[in-house]
1. Filter the trypsin sites (Lys or Arg not before Pro) in region B:37-111 down to the DSSP loop ones having no more than 11 other Cβ atoms within 10 Å, then list what survives.
2. Counting only other chains, and only Cβ atoms inside 10 Å, what mean value do you get across the residues of A:185-198?
3. Can you tell me the FRET efficiency between residue B:388 and residue B:276 if r is taken as the Cβ-Cβ distance and R0 is 45 Å, rounded to the nearest 0.05?
4. May I ask which residue of A:161, A:111, A:77 lies farthest towards the positive end of the charge dipole of region A:70-189, with charges of +1 (Lys, Arg) and -1 (Asp, Glu) on Cβ and the Cα centre as origin?
5. Calculate what fraction, in whole %, of the accessible area of region A:1-151 sits on carbon and sulfur atoms when a 1.4 Å probe is rolled over the protein chains.
6. So how strong a dipole does the protein assembly as shown carry about its Cα centre when Lys and Arg Cβ are +1 and Asp and Glu Cβ are -1, to the nearest 20 debye?
7. If you plug each phi of region B:232-237 into the Karplus form 6.51 cos²θ - 1.76 cosθ + 1.60 with θ = phi - 60°, what whole-Hz ³J(HN,Hα) values come out, in order, with x for Gly and Pro?
8. Using heavy-atom solvent-accessible surface (probe 1.4 Å) with all chains present, what is the largest-first order of B:101, B:268?
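The values are calculated or read from the model by the stated rules, or taken from the named source; none is laboratory data. Computed from a predicted model, the values in this text were never measured in an experiment. Neighbour counts are summed over all protein chains in view; Cβ atoms, including those assigned to glycine, are modelled from backbone coordinates with ideal geometry. Please note that ligands, DNA and RNA were not included when accessible areas were found on the heavy atoms of the full protein model with its side chains. Shrake-Rupley method; radii C 1.70, N 1.55, O 1.52, S 1.80 Å.
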Amino acid sequence: MQKFISLKSIPTYLPLVNIDTDMIIPKQFLKTIKRTGLGKNLFFELRYDEKGKEIPDFILNKKPFCNSNILITGKNFGCGSSREHAPWALLDFGITCIISSSYADIFYNNCFKNGILPIVLNEDKIKEISEYSNRKEEISVNLADQKIIYGNNEISFEIDPFKKKCLLEGLDDIALSLEKSEKIKSFENKIKNQRPWIFND
Amino acid sequence: MPHTLYDKIWNDHLVHEQDDGTALLFVDRHLIHEVTSPQAFEGLRNSNRTVRQPSLTLAVADHNVPTTDRSKGISDQESKIQVETLEANCKEFGIKLFGMDDKRQGIVHVTGPEQGFTQPGTVIVCGDSHTATHGAFGSLAFGIGTSEVEHVLATQTLVQKKAKNFRINVNGKLPLGVTSKDVILQIIGKIGTAGGTGCVIEYAGDLIRSLSVEQRMTICNMTIEGGARAGLIEPDEKIFNYLKGRPMSPKGETWDKAVEVWSNLNSDNGSHFDKEVSLTAEEIIPMVTWGTSPQDVITIEGKVPNPNTEKDLDKKNSIERSLKYMGLKPDTLAKDIKIDKVFIGSCTNGRIEDLREAAKILKNKKKASHVHAMVVPGSGLVKQQAEQEGLDKIFINSGFEWREPGCSMCLAMNADKLKPEERCASTSNRNFEGRQGRGGRTHLVSPGMAAAAAISGNLDDVRKYQN
Ligand code: SF4
């Protein structure tokens, strides 16, 4: 997995609440068997008209936002389906950091598996930082220090220490879990005794 | 210390726990389908890993399969590749698969319970957010992303943090014509789409206990629409009777032992819930959604909201946006909303009892002439059962199309979809923008309400068609 250490970018502000995964990447693009190539279809229905032409007013179609790495957005971002195609599409587009006041659980977890940092801030702070999007000025995110730096200000954010470590080091969590193979094995043996119907094949 | 049902299942599956509370949880049952699994298998291959316990995984193709004549295969090339990839992966890794031509094929959340793969007290996961459905059996069931699917395949475990306990009590008796779909829509309207974030919901109360197994599944199914990861219900005799004799259920002495263990799966008296909400069944009225989020519910007697009466600016904007998308004027009566299509099916309401409920309303009646209506059974076995009971004839006689099983217009990945601005009364679970087709407008309802809408040609009160 790609590491996340720090980032500097002009943020994109998309002030919609409850952006669901169908909006992030509609189902017609879930037919792929690959993880890559979804960026061009990110926010498809907001970005393109019925004929497939770019809608010039949509923020991610405009410069400098089309090169933005940070997305600031309304609460409950990523609700709906479990499709990991949503973080894959964001990543493929170049977004590696999201700032919102809340996320749907599965989406939040999926971000960490793909080197994307989802930051939780309260709504007042989000309004404040979103000004930098309006003014097209850069902000910085530093994961090690858990800080966002904007202008002369900075603000800290909370993150689970284990998730932070995985992002900073780009750890493969399957490899980490496989280190516990012996424990898994003895657990399986316990089940075979206590709940034999689980392996009843 | 008293424990909740969720606590107990959690503790029973702890393989390892880190100091920070991050846990490695054993997974008893893993369901996979064609859309969210290909990249997981690709990941396994790229890192030379295998599937740790192939017998604990069950695969079925559902999201992408055609619901019309299947003898010619899948015409959409990408869908075809996806379904074939699932077949190839299952073969390579030794996983049991119900392919497109198998009678047992169906929506993953219909098939699992039907086969007895779903069992009380288990941890069940699937790369699909509606996995919560299986919580109706007293299991901890939740949706995961594709990286997690890969993790489960490789390790038969999942890295998790414990969620909070949230109990929703529903007591009393439901009025005639009101169903468990109305109960869950009412709950989501009450707690909001993020109301359950970070929680596992236990549904309790005498109304919940009085529900059939399938009705319970409808409730647990839509838990995710309330933002919670999982929803569950204490298992009881109804659950055990439902499971007895299913192909993958325990047999003989093992069955007796299983029932003994399952009978202890409950929340202890005095166990702690971080959050609690109560509803009275008698007060629930048939519900419909008017907007583009499942929390946008009104009763069939109600009217669409007016953004001008909303003081919160964000909420006002979001109502305006939804009304615009839905092509509705503020204060429109629910019953004045004319529809173009009706969809009966999905993992929420595509089981036999749902079809019976709709058929009961449709018997000897015709759908309105301008309405296009279809029924997509949740599985091949549901379809077969319905045909044995003659339900297919009732649907066909009232002008419905009778289709092959799958997800179909619930998410419109196959050919079944709404055209822009088409309006649909749907028994599915999501009314997001574009969910049933670009520009399509979805009103979520119960199967009986969908049938009533088909007859009237507009959203209507199922109670007027009750005998
Ligand atoms: S029926 Fe709909 S909600 Fe259920 S699994 Fe299929 S697509 Fe998902």
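1. Values: sites: B:45, B:49, B:52, B:70, B:72, B:80, B:91, B:96, B:103, B:104; in loops: B:49, B:52, B:70, B:72, B:103, B:104.
Taking region B:37-111 and a limit of 11 other Cβ atoms within 10 Å, the loop trypsin sites (Lys or Arg not before Pro) found are B:72.
2. Values: counts 2, 1, 8, 6, 0, 3, 4, 0, 0, 3, 11, 5, 14, 11.
Across the residues of A:185-198, the mean count of other-chain Cβ atoms within 10 Å is 5.
3. Values: r = 43 Å, r/R0 = 0.96.
About 0.55, to the nearest 0.05.
4. Of the candidates, A:77 comes out farthest on the positive side.
5. Values: 2830 of 5730 Å².
Roughly 49 percent, rounded to a whole number.
6. On the way: 86 positive and 87 negative charges, 224 e Å.
Around 1080 debye, computed over the protein assembly as shown.
7. 3J(HN,Hα) across region B:232-237, in whole Hz: 9, 9, 4, x, 9, 3.
8. Working: B:101 135, B:268 50 Å².
Result of the area sort, largest leading: B:101, B:268.
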